[in-house]
Amino acid sequence: MFTRRTLIGAAAALSLTAMSSGAMAQDNMYVALISKGFQHQFWQAVKAGADKAAEELGVRVTFEGPDNETQVDKQMDMLAAALANKPDAIGFAALDSQAAIPLLRQADEAGIPIIAFDSGVDSDIPLATAATDNVAAAALAADKMAELLGGEGQVAVVAHDQTSRTGIDRRDGFVNQMEEAHPGVEIVTIEYGGGDHLKSTEITKAILTAHPELDGIFGTNEGSAIGVVNGVRESGTEGVVIVGYDSGKAQKDAIREGLMAGAITQNPVGIGYETVKAAVAAAKGEEVTGDIDTGFFWYDADNIDDPEIAAVLYD
């Protein structure tokens, strides 16, 4: 026989169960992040930001990427595997801005929101992109290079690729700014090292041999910039101004030692954090901003220890 107390107790139990289910719904939300790689300290910093957001928001996040940033096929396999796990949302940093579109279309058709991070894709499928304004950042690198060269000289670019949005934007941002604002500086060659510091080292040596009058080199990401530093050092060349991009330990050391003049730093922790935040919002059906600008800074020996700069450097 049910008494009034029994009914109240049952109602309370149902209420607790409902509350527990609601909490578990948030806890069980799953966001899969596919990055461009794992070998650079940049990606470890992005992961740290993603993990921080996951903890604060009470969601499960996985973070993976290929061994290096030339493995487009491996990244596509990771994206396909993530889709098969039916996540609530996917964060994706494309190695090839075209190759991923068929898989992203599948995600879209399945109702899985996509948030691009670091490197966008040539599609309107991603609801938002959390990234550095790479065109503007590379233009600043060009301005700094031209200033360091006194407005004239020969410069080379060692880029990480010509297929990702970051590779394209950093190359074009630097080249276009140099041509438009600093006509006295000639860009004599653009080479691609896949973001691998060993390959970029050999490319740099070859550039220095082919262009003995070279005055400066711009490396468009962490691996490229360190390859440039190593190539200049190993070739015994002096007087070449090196400007980099990103801020891993090796680059910071090179700047402190005077081997690299300066570099652009992104905010990788912010990129990871904002990606997860946007992914969770999108999974809940909330509106997310199309472009999430996570900022950039120029740093050199003069400001590397300033609190504002130190906060966005990573190692």
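The values are calculated or read from the model by the stated rules, or taken from the named source; none is laboratory data. Values in this document were obtained by computation on a predicted structure and should not be read as measured data. Accessible surface is based on the protein model in full, side chains and every heavy atom, while ligands, DNA and RNA are left aside. Shrake-Rupley method; radii C 1.70, N 1.55, O 1.52, S 1.80 Å.
A few comments on the model shown:
- Pairs with C-alpha atoms separated by more than 18 Å, drawn from the list Lys199/Lys252; Lys36/Lys252; Lys36/Lys74; Lys52/Lys277, are Lys199/Lys252; Lys36/Lys252.
- Per the Debye formula on identical point scatterers at the alpha carbon atoms of the range 190-315, with no solvent, log10 I(q)/I(0) at q = 0.10, 0.16, 0.18 Å⁻¹ is -0.38, -0.78, -0.90.
- Each listed q (0.16, 0.18, 0.20, 0.21 Å⁻¹) maps to a log10 I(q)/I(0) for the range 72-197, found by the Debye formula over equal Cα scatterers with no solvent: -0.79, -0.90, -1.03, -1.09.
- For the chain: accessible area per residue (Å², 1.4 Å): 45
- Helix 134-148 axis, angle to the chain major axis (alpha carbon atoms, nearest 10°): 30
- Computed [θ] at 222 nm, deg cm²/dmol, the chain (DSSP H ≥ 4; -39,500 (n - 2.57); rounded to nearest 500): -15500 deg cm²/dmol
- Across all directions, the average flat footprint of the convex hull enclosing the Cα atoms of the chain is 19.2 nm².
- Candidates Glu234, Glu180, Glu222, ranked by Gaussian network fluctuation over the chain, Cα under 10 Å, top entry: Glu180
- Using C-alpha pairs under 8 Å with a sequence gap of at least 6, the mean separation divided by the residue count of the chain gives a relative contact order of 20 percent.
- Directionally averaged projected area (convex hull, Cα atoms, the range 134-266), nm²: 6.6
- Accessible surface of Val241 - all protein chains present, 1.4 Å probe, nearest 10 Å²: 30
- Rg/Rg_globular for the range 208-263, with Rg_globular taken as 2.2 N^0.38 Å and Rg from C-alpha atoms: 1.01
- Helix 4-27 axis, angle to the chain major axis (alpha carbon atoms, nearest 10°): 10
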